[in-house]
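Worksheet: the structure to be examined is printed underneath.
The values are calculated or read from the model by the stated rules, or taken from the named source; none is laboratory data. Computed from a predicted model, the values in this text were never measured in an experiment. Cβ coordinates were reconstructed from backbone atoms using ideal geometry, including for glycine residues, and neighbour counts include every protein chain displayed. Only protein heavy atoms, including side chains, enter the accessible area calculation; ligands, DNA and RNA are left aside. Shrake-Rupley method; radii C 1.70, N 1.55, O 1.52, S 1.80 Å.
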Amino acid sequence: MTTEIYLDGNATSAILPAALAAAIDTMAQRFGNPSSTHSSGLQAKVTLDAARQRACRLLGVGEGKLMFNSGATEGIHSAVLSALCALRERRAGGEAVGSLLLYGATEHKAVPEALAHWNRVLGLQLQLQALPVDGDGRHDLAALAGLLDQTALLCTMAANNETGAISDLDGIEALLRARASRAYWLVDCVQALGKLDLNLAASRIDYAPFSGHKLYAPKGVGMLYVRAGAPFTPLLTGGGQEAGLRSGTENMAGIAALGAVLEALEQGGTFRSHAELEGYRSLLADSLGLALPGVVFNNNFALSLPTTLNFSVPGLASGDLMDVFDAAGVRVSSGSACSAKKAAPSYVLDAMGLPLWRSGGAIRMSFGPLVDGATIRTACERIARCGAALRSAGLIADQAPAEALDGVLQLGVDGACSWLLLDAASRSCVVLDPLPETAARIELYVRGQQLRVQAIVSTGAARHGELAAALGWHASGALACDRFGWPAHAGGQTVGLADGSAAECLQLGTQVLARVVRGEQCSYLLGPAGSTLAPSQVRFAFCAHAVGCALGPLIALTTLLCPSRDADNQFCTSLLAGAGAAAAGGECEAGPLAAFLQRHPDAVLVDVREAHEFAASAVTPGGLPVRSVPLSRFVAELEPWLAGQQRPLLLFCRSGNRSIKAVQCLRRLGYAQAWNLGGGLALAPRR
Ligand code: PLP
C-alpha cells in the first residue's frame, strides 16, 4: 500500500504523538473540570495553567492576556468585536476615530468577514478597505502610510496561508508609531506559530489569534492574545471561565495537546530548524523544476515561510495537477477554490498582481516543521512520477505515445464538450466546438505534440466565431474557413451519403469526416475513407444535441451520437438508446470488491481516471491488474466493447463519481454487464 505523503500542512496538520498522548491522558485519567474545587478539578487546572504559562513564555505575552478558545476564527471574531465596541464608545465620546477598517488584501477570509459582520451588527457604518500588497504578497507600506490617519482598525496577518509570504510587521509597526496612530492592530498569527519568533508584548500588536490544528494540535482549540490595556469585550459570557474573557467549559483535551506542542517548541529538539526546512523546500522546488518544465513559483522564497511552495505550470489547470498528485499519493491543495476542474482564481495571487493563468492554476505544497528527510525524498520521487505521467499523457511537452495521438478525445465542462479528432499517422487533428474553458488544454496538447490542425469546426454557425477565437492560434487567420469553420483547403472534396446527397468531407488519415449542414446547424460524420459512407460505416456522429439530431437516414441505429451539449453527462448515445430500446436497467453498483469478484471472476477492472492520474498511481483496487480507459477517451473505447462479447466490466475512479456516469452510459447503450465500484479507489482495499 502506498503511504500518503501529506504536503498540505498549511490547511491542517497531523497530531504530534506527545499531543495525542496528552489528549488521551486528559480524557481518560484527568477528565476533571478545571473550575471544580475538588481534586479532579484541581488536576485539570494544573494542566490548564501549565499550558497557559508555556504559551505566555513562548509568545512573550508579558502583562497581556492569553485565553484559550476554539481556534483562530473565534479569536478573530473576539478581537474584531472588542475593537469595534471600543471604537463605538470612543466615537460616542466625541473622538474622531477614523472611518476605515483596513485589512491586508491577502488576509484569510475570516478577517474581512468578521469585520463586515460586526460592523453590520453594531451598526457602525465604518468602511472596509483592502490594503494592497506587492508582487511578493507584502503589504504596500506607502499605501498604508497614506491611509493610516483614517484607519480605526488595522488587520495584517503575520504570514500568509497560501503563499507563506512573511509580512513586514516591523515596518508596519514603525509606521503606526511614527504616526502616533490610535488604530487597533490585529495580527493573525495562525501560520506563524512555531515558524516565526514572536515577542508579542514587546510589539504594538493589540490582538493575535492562533489555531492549534496548524501546528500538530487537534482541531477546535486555539488561543487569543490581547495586549495589556487593549479593550476586550467577550464574545461568550456565562460561567466566567478564562477569567471571564471566554465562558464555556474549556476543551481540556485540546488544551493539553496544545500544551504538549508548546512544550516541544519551548524545549527544542522536536521540530526542524529553519535551515533544515529551507533545505527541504529547495529539494521539492528542484524536483518540481525537473518534473514540470516551465513551472513558476508564485512565492518569493526569500520572503516566505520555509514550509510553503506555491507554483503554477503553463497550460495546466490546478485541477489536473491536483488529480495527478492525488493519484501519486501526494496531498497538496489548489491555491484557490476549485470546483469541477474550473479553478476560481486565487484572490491572494490576484492581489499580488499575478496573471490569471498563474492565479487560476496555482498549487500549494506545504509541510510542517516535523517533516523528515525520508518524507521529502519520497515526495520528490513521486513528483518525478507525476511529471512522467503528465508527459506520457501528452499534457506537458514531450513525445506522447502513438496511441495518445489517435482517436477521439472528449473534453467536457459543465454540460458542454469539445472534441478532438486525432490521426497519429498524419499527425493531424480536427477540433470540434472548442470551448473557452477547454481552449488552453487543446492548445497545449496540439502545440506540445506538434499536431497539424486541419480545421476548427463547430456545430452551430452562431457560435463558431466565439469558439474559434478562444483558440489563440486560430485567430492568426491561418485557416480560411466558412461560418462553421469548414476550411477552404478542403477544396470541395465530397463523399456520397445514404440519402443520395454528396457531403463535403475532409480526409483524416484513413478516416473521412463528412459534414451535413441543416440551416444554422452542422453535424459531422466520421467513418472509413471511400467514395460513399453507408449508415453502418458511420462510427461517430457529432452534433449540437443528441435529441432531435435528424440524422436518421444517414447513420445506423448503433452509430455513436456525440453531442456538444451534454447537460446530463451522457458522453454519447445512439438512436437505439435514444428510443429507450437498449436501456439495460438493474443495479449499477458492484458492492464490496471481493464479493463482486467472486460473482464475476472474469471481470475486467477499468480505471476511468485520466491517463496522467493512471500513470502516476501506484495502487489498484485489491492490487489487481486494471485497464486504463480515461473518460476523455471513453467514447472511442465504446465501439469495440459494444461490438464484442460482453465481458463483465467493473469501472472505477477516485471516488466513484466519474465511473458511475460511464457505467450508466454503457448500460444505456445496451451493455448490461457494466458495474461501478462505489466509493472508488478511495474506499476500496488497495495494494
Ligand atoms: N487565519 C489563517 C491565516 C488561516 O490559515 C486559518 C485557517 O485556515 C484561519 C485563520 C482560520 O483558523 P481556524 O480554522 O482555527 O478557525
Residue in region 323-339 that is of a type outside the set (A, V, I, L, M, F, W, C), surrounded by fewer than 18 Cβ atoms within 10 Å (Cβ to Cβ) and either more than 30 Å from Val226 (Cβ to Cβ) or modelled with pLDDT under 95 (or both) present: yes
Strands (runs of 3 or more DSSP E) contained in region 568-687 and holding at least 3 residues open to solvent by less than 50 Å² (accessible area, probe 1.4 Å) and touching a residue at least 60 places away in the same chain (Cβ under 8 Å): 674-676
Enumeration of residues in region 628-673 that are over 27 Å from the mean Cα position of the chain (by Cα) and within 30 Å of Thr3 (Cα to Cα): Leu649, Leu650
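Suppose we keep only residues that are in a loop (DSSP other than H, G, I, E, B) and within 16 Å of the ligand (Cβ to nearest atom) within region 91-121. Which one would you say is farthest from the chain's Cα centre (by Cα)? Walk me through how you get there before you give the answer.
Taking region 91-121 as the starting set, the residues that turn out to be in a loop (DSSP other than H, G, I, E, B) are 93-99, 105-109.
Of the ones still in play, those that are also within 16 Å of the ligand (Cβ to nearest atom) are 105-109.
Working: Ala105: 21, Thr106: 18, Glu107: 19, His108: 17, Lys109: 17 Å.
Looking at the filtered set, the residue picked out is Ala105.
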Close pairs from region 183-196: first in contact (Cβ under 8 Å) with a residue 24 or more places away in the chain, partner acidic (Asp, Glu) and more than 8 Å from the ligand (Cβ to nearest atom), Cβ under 6 Å, at least 6 apart: Tyr184/Asp206; Trp185/Asp206
Residue selected from region 56-73 under the condition within 16 Å of the ligand (Cβ to nearest atom) and open to solvent by 20 Å² or more (accessible area, probe 1.4 Å), by the criterion farthest from Ala158 (Cα to Cα): Ser70
Residue list for region 480-520, filter: part of a loop (DSSP other than H, G, I, E, B), under 17 Å from Val408 (Cβ atoms) and open to solvent by 60 Å² or more (accessible area, probe 1.4 Å): Thr510
Among (1) among the β-branched types (Val, Ile, Thr); (2) open to solvent by less than 20 Å² (accessible area, probe 1.4 Å); (3) within 26 Å of Phe297 (Cβ to Cβ) - the single one Val97 does not satisfy: (3)
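Please verify whether region 83-90 includes one or more residues that are open to solvent by 40 Å² or more (accessible area, probe 1.4 Å) and more than 16 Å from the ligand (Cβ to nearest atom).
Checked region 83-90: at least one residue is open to solvent by 40 Å² or more (accessible area, probe 1.4 Å) and more than 16 Å from the ligand (Cβ to nearest atom).
Can you name the residue in region 312-322 that is in a loop (DSSP other than H, G, I, E, B) and of a type outside the set (A, V, I, L, M) and is also surrounded by the most Cβ atoms within 10 Å (Cβ to Cβ) among such residues? Give the steps one after another, and end with the answer.
Kept after step one, since they are in a loop (DSSP other than H, G, I, E, B), are these residues of region 312-322: 313-317.
Imposing the further condition that a residue be of a type outside the set (A, V, I, L, M) reduces the set to 314-315.
Values: Pro314: 16, Gly315: 19.
For region 312-322, the residue satisfying everything is Gly315.
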Residue count, region 212-230 (criterion: near the ligand (Cβ under 8 Å from one of its atoms), open to solvent by less than 10 Å² (accessible area, probe 1.4 Å) and under 24 Å from the mean Cα position of the chain (by Cα)): 1
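Residue by residue through region 142-162, note down the ones that are free of Cβ contacts under 8 Å to residues at least 24 places away in the same chain and in a loop (DSSP other than H, G, I, E, B).
Kept after step one, since they are free of Cβ contacts under 8 Å to residues at least 24 places away in the same chain, are these residues of region 142-162: 142-143, 146.
None - no residue of region 142-162 is free of Cβ contacts under 8 Å to residues at least 24 places away in the same chain and in a loop (DSSP other than H, G, I, E, B), so the list stays empty.
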Considering residues of region 1-44 that are under 21 Å from Leu193 (Cα atoms) and in a strand (DSSP E or B) only, the residue least open to solvent (accessible area, probe 1.4 Å): Asp8
Selection count where residues are among the charged types (D, E, K, R), surrounded by 14 or more Cβ atoms within 10 Å (Cβ to Cβ) and in a helix (DSSP H, G or I), scope region 163-180: 1
Pairs, first within 15 Å of Arg364 (Cα to Cα) in region 8-20, second away from the ligand (no atom under 16 Å from the Cβ), C-beta under 7 Å, six or more apart: none
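Suppose the filter is more than 32 Å from the chain's Cα centre (by Cα) and touching a residue at least 24 places away in the same chain (Cβ under 8 Å); does Leu124 pass it? Before you say what the answer is, go through the steps one by one.
Details: more than 32 Å from the chain's Cα centre (by Cα): yes; touching a residue at least 24 places away in the same chain (Cβ under 8 Å): yes.
Taking the combined requirement at face value, the residue satisfies it.
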Test for Ser78: is it in contact (Cβ under 8 Å) with a residue 40 or more places away in the chain, part of a helix (DSSP H, G or I) and within 16 Å of the ligand (Cβ to nearest atom): yes
Filter result for the condition that a residue is surrounded by fewer than 19 Cβ atoms within 10 Å (Cβ to Cβ) and in contact (Cβ under 8 Å) with a residue 12 or more places away in the chain, over Thr438, Thr375, Thr459: Thr375
Considering residues of region 284-306 that are aliphatic (A, V, I, L, M) and not in a helix (DSSP H, G or I) only, the residue nearest to Ser167 (Cα to Cα): Leu305
Hits in region 258-278 - residues which are assigned to a helix (DSSP H, G or I), open to solvent by less than 50 Å² (accessible area, probe 1.4 Å) and over 27 Å from Ser70 (Cβ atoms): Leu277
Single unsatisfied condition, Val538 versus (1) over 22 Å from Arg667 (Cα atoms); (2) open to solvent by less than 10 Å² (accessible area, probe 1.4 Å); (3) among the aliphatic types (A, V, I, L, M): (1)
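Would you mind stating whether Leu309 is open to solvent by less than 10 Å² (accessible area, probe 1.4 Å) and in a helix (DSSP H, G or I)?
Numbers: open to solvent by less than 10 Å² (accessible area, probe 1.4 Å): yes; in a helix (DSSP H, G or I): no.
No: the conditions fail for Leu309.
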Any chance Arg281 is surrounded by 15 or more Cβ atoms within 10 Å (Cβ to Cβ), in a helix (DSSP H, G or I) and away from the ligand (no atom under 16 Å from the Cβ): yes
Residue match in region 128-149 (condition: open to solvent by 60 Å² or more (accessible area, probe 1.4 Å), in contact with a Lys or Arg (Cβ under 7 Å, 6 or more places away or on another chain) and at pLDDT 95 or above): yes
